[in-house]
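Everything below concerns the one structure shown next.
The values are calculated or read from the model by the stated rules, or taken from the named source; none is laboratory data. All values reported here derive from a predicted model rather than from experimental measurement. Cβ sites come from the backbone with ideal geometry, for glycine too, and all protein chains shown count toward neighbours.
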Amino acid sequence: MLAGTVRLIEFALTVLIGSAIYALCGAAEGFEWHYAAAILTVGLMSMLALQVADVLPGAGLPRPREAYMRLASAWSVVFLIAISLSFFAKAGDEFSRVWLGSFYAVGLATLIDFGACFSCWCGAGPSRAGSIVEPSWSAPTRVARA
């Protein structure tokens, strides 16, 4: 349940960032539907990529830097796929390079910041980075003595 909520928040952040950057960079020419389609596509692909990469911020990870590297890799793969799709569809001239670069950089920074804030909220911040978290539902084990 928590993972699904986090994915929906990440999707909403991605769509919000893409829309805000479009409003700042490309809205001078008027609304263009291919930007809306690209923003929603990047949002859906990022949600899937982060799920496949098993990136869940603040899940008691012993090495949070690995999670951020996986997040950055998944985000980069999403944009690699999006750029490839626009190239093969011969729609590369339809999108602003400033919008695309800003969407990539601001989106990556926002997702990393969201992960850091979420991990602090969950109590798995830097002070507990090396601790072992055992779920409360696990059965106690006994050590056999010879």
Subject >> Flag if residue 2 is among the hydrophobic types (A, V, I, L, M, F, W, C), more than 18 Å from residue 73 (Cα to Cα) and under 11 Å from the mean Cα position of the chain (by Cα) >> reply: no
Original post:
Any residue in region 7-20 that is loosely packed, with under 13 Cβ neighbours inside 10 Å and modelled with pLDDT under 85?
Top reply: no
**OP:** Please enumerate the residues belonging to region 70-90 that are closer than 15 Å to residue 47 by Cα and among the small types (Gly, Ala, Ser).
**Re:** 72, 73, 74, 76, 82
Original post:
Considering only region 36-57, how many residues are farther than 17 Å from residue 77 by Cβ and modelled with pLDDT of 85 or more?
Top reply: 4
**OP:** Note down all Cβ pairs under 9 Å where the first residue falls in region 99-119 and is closer than 16 Å to residue 45 by Cα, the second is in a helix (DSSP H, G or I) and among the polar types (S, T, N, Q), and they're at least six residues apart or on different chains.
**Re:** 100/86; 103/14; 104/76; 107/14; 107/46; 108/76; 111/14; 111/46
